[in-house]
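Following: one structure in C-alpha cells, then a few remarks.
The values are calculated or read from the model by the stated rules, or taken from the named source; none is laboratory data. All values reported here derive from a predicted model rather than from experimental measurement. Cβ atoms come from the backbone with ideal geometry, glycine included; neighbour counts cover every protein chain shown.
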Amino acid sequence: MAEAEKKVRVSGEQARVEPAASSASILPTTEKPQPPKPSLHPAFYVVTWIGFSGGVILFNKWLLDTLGFKFPITLTAWHMMFATFMTQLLARTTTLLDGRKTVKMTGKVYLRAILPIGFFFSLSLICGNKAYLYLSVAFIQMLKACMPVAVLLTTWAMGVAPPSLKTLGNVSFIVVGVVIASYGSIEFNLTGFLYQAGGITFEATRLVLVQRLLSSAEYKMDPLVSLYYFAPVCAVMNGLTALVVEVPGMSMKNVYDVGIFTLVANAMVAFLLNVSVVFLIGKTSSLVLTLCGILKDILLVAASMMIWGTPVTNLQFFGYSIALGGMLYYRLGAEQLKGYLQQAGRSWSEFGVQRPAMRKALVFGLVLVTIFLLLGGLAPTYAPAQTKNLKDIFSTGLGS
C-alpha cells in the first residue's frame, strides 16, 4: 500500500509536457527550395581552352615572324611581367587565387623549389619562342609530340621513378613517329630544331621538378596559383637576359611598328590561357584533357597550313599520326583505351538511331574537312604560285 502511494506521488511530481503552442511550427514549410544555378556545359571550357592555347601559339608566330618583332626573349619577359601584375590583381580582388592560402610557402621552399622551377620555365619559354623564328607552327607541334618521352626520361634521370623497359617500349611509337615527321619535313632547319629540342628538354625538367614539389599535399597548386609564384621569377630572369641579349639592338620603333595594343593583347591571351586551364581541369577529366591536347595540336597544324601556306608532306602526316597514336596509347593505356573506344562506339550508334540526319551531316562535314586539309597540304607543292597569291591576300587582310 505504501509502495503504491509512493508511485502516485512520484508520478504527480513529474512535469507535464505542454503541447506545441502552434501547429504551424511542426507543419512543413511551403516555401520552394531555390533551384541550382545553371552552369556552363563542359564543352564551353574545352572550346575556350583550345582557343586560347592555340591562339597563343598562332599569335606568337604571327608577332615574331610575320610582323617581324624578332625579340622572343623580350616577348616572354613581357608576358611574365603582365602575368605577375594580373595574378597580384586577381589575388586581391577575386577568389581565383585563394588556393595559395593552403600552400605552406616559406623562404626556404621558395629558394629551393620555386627558383629552380622558374629558371627552367624561363629557359623553356625562351627556346620555345626562338624556335618560331626558324620553324613552322606545324613542324613545332610535331616535335612537341615528344614531350611525354622527354618527361619520362627526365623522371628516370632524376630518380623520381625507376626505369621500365615496358614503359620505354610504349613510348617508342612516339619517337618513331616524330623521327618520320622530321625526316619528311620540307622546311627543316637545324638551328630551329635545336632550339625546340632545348625547349622540350627544359620544359620536361620543369614538369618533373613540379611533380616532385607537388608530391606533398601541402604544396598542391593549380596552374593559376603556380603562375602566381613562378611569374615574378621568370619576369626577372627573362628581363635580365633580354637586357643583355636583345634590348641593345631594339628601339621604340620596333615596338611602335608592332603596336602597343597588339603587345597588350598578346600578353592578355597568354594570361587567359592559364585562367582557362584552371576551369578546364575543374570541369572535365584527365581523358578530356588528353584528347583536347591532341585535338589542339591537329588544329594548329591545319591552321599553320591555311594561314602561312606551310607545306606538309604525306610522310609528315604519316609520322605525326603514329606519334599522336603513340601518345594516346601511352597516356591512357591499352585496357582503358579499349574501354573508351567501346563506349564511344556505343554512343555513336545510339546517336545514329536518335538523330540519323545529324549523324550523316557530321560524317559529310568530316569528309569535306579531310579533303580540304589534304588539298591544302598538297597545294604548296603542286600549285605554288596560286598558294603564294592566296597567302599574300590573307596577309594583306591581317594588316601585315
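Taken together, Ser321, Ser304, Ser349 contain a single residue that is in a helix (DSSP H, G or I), out of contact with any Lys or Arg (no Cβ under 6 Å at 6 or more places or on another chain) and at pLDDT below 85, which is Ser349. Out of all the residues in segment 200-216, is one or more among the charged types (D, E, K, R), within 23 Å of Phe71 (Cα to Cα) and not in a loop (DSSP other than H, G, I, E, B)? Yes, segment 200-216 contains a residue that is among the charged types (D, E, K, R), within 23 Å of Phe71 (Cα to Cα) and not in a loop (DSSP other than H, G, I, E, B).
Against the numbered list (1) at pLDDT below 75; (2) surrounded by 12 or more Cβ atoms within 10 Å (Cβ to Cβ); (3) not hydroxyl-bearing (Ser, Thr, Tyr), Leu299 comes up short only at (1). Which ones in segment 104-121 are small (Gly, Ala, Ser) and either free of Cβ contacts under 8 Å to residues at least 40 places away in the same chain or more than 20 Å from Thr201 (Cα to Cα) (or both)? Residue satisfying the conditions is Gly107 alone.
Consider segment 249-265 and keep the residues that are assigned to a helix (DSSP H, G or I) and among the small types (Gly, Ala, Ser). The one that is surrounded by the fewest Cβ atoms within 10 Å (Cβ to Cβ) is Gly249. Within segment 307-332, the residues that satisfy the criterion of being closer than 11 Å to Ala138 by Cα and touching a helix residue (DSSP H, G or I) at 6+ places or on another chain (Cβ under 6 Å) are Gly309, Thr310, Pro311, Val312, Gln316, Tyr320. The lone criterion from (1) over 28 Å from Trp156 (Cα atoms); (2) within 15 Å of the chain's Cα centre (by Cα); (3) crowded, with 19+ Cβ neighbours inside 10 Å left unmet by Ala204 is number (1).
Listed here are the residues, each with its yes/no results for (1) within 21 Å of Met252 (Cβ to Cβ); (2) over 18 Å from the mean Cα position of the chain (by Cα); (3) assigned by TED's automatic domain parsing to the domain that holds Ile140.
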position	(1), (2), (3)
Tyr45	no, no, yes
Val56	no, no, yes
Gly68	yes, yes, yes
Phe71	yes, yes, yes
Trp78	yes, yes, yes
Ala91	no, yes, yes
Thr95	no, yes, yes
Arg100	no, yes, yes
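Sub-7 Å Cβ pairs linking a first residue in segment 60-83 that is in contact (Cβ under 8 Å) with a residue 40 or more places away in the chain to a second residue that is hydroxyl-bearing (Ser, Thr, Tyr) and part of a loop (DSSP other than H, G, I, E, B), at least 6 apart or interchain, are Asn60/Tyr132; Lys61/Tyr132; Leu64/Tyr132; Asp65/Tyr132; Thr66/Ser400; Leu67/Ser400; Pro72/Tyr132, ordered by first then second residue. Report, by residue number, each residue of segment 331-346 that is at pLDDT 70 or above and hydrophobic (A, V, I, L, M, F, W, C). Once the filter is applied, which keeps residues that are at pLDDT 70 or above and hydrophobic (A, V, I, L, M, F, W, C), segment 331-346 yields Leu332, Ala344. In segment 320-349, the residues that are under 25 Å from Ser182 (Cβ atoms) form Cβ pairs under 9 Å with partners that are part of a loop (DSSP other than H, G, I, E, B) and modelled with pLDDT of 70 or more, at six or more places apart or across chains, as follows: Tyr320/Ala145; Tyr320/Val312; Ala323/Ala145; Ala323/Cys146; Leu324/Ala145; Gly326/Ala145; Met327/Ala145.
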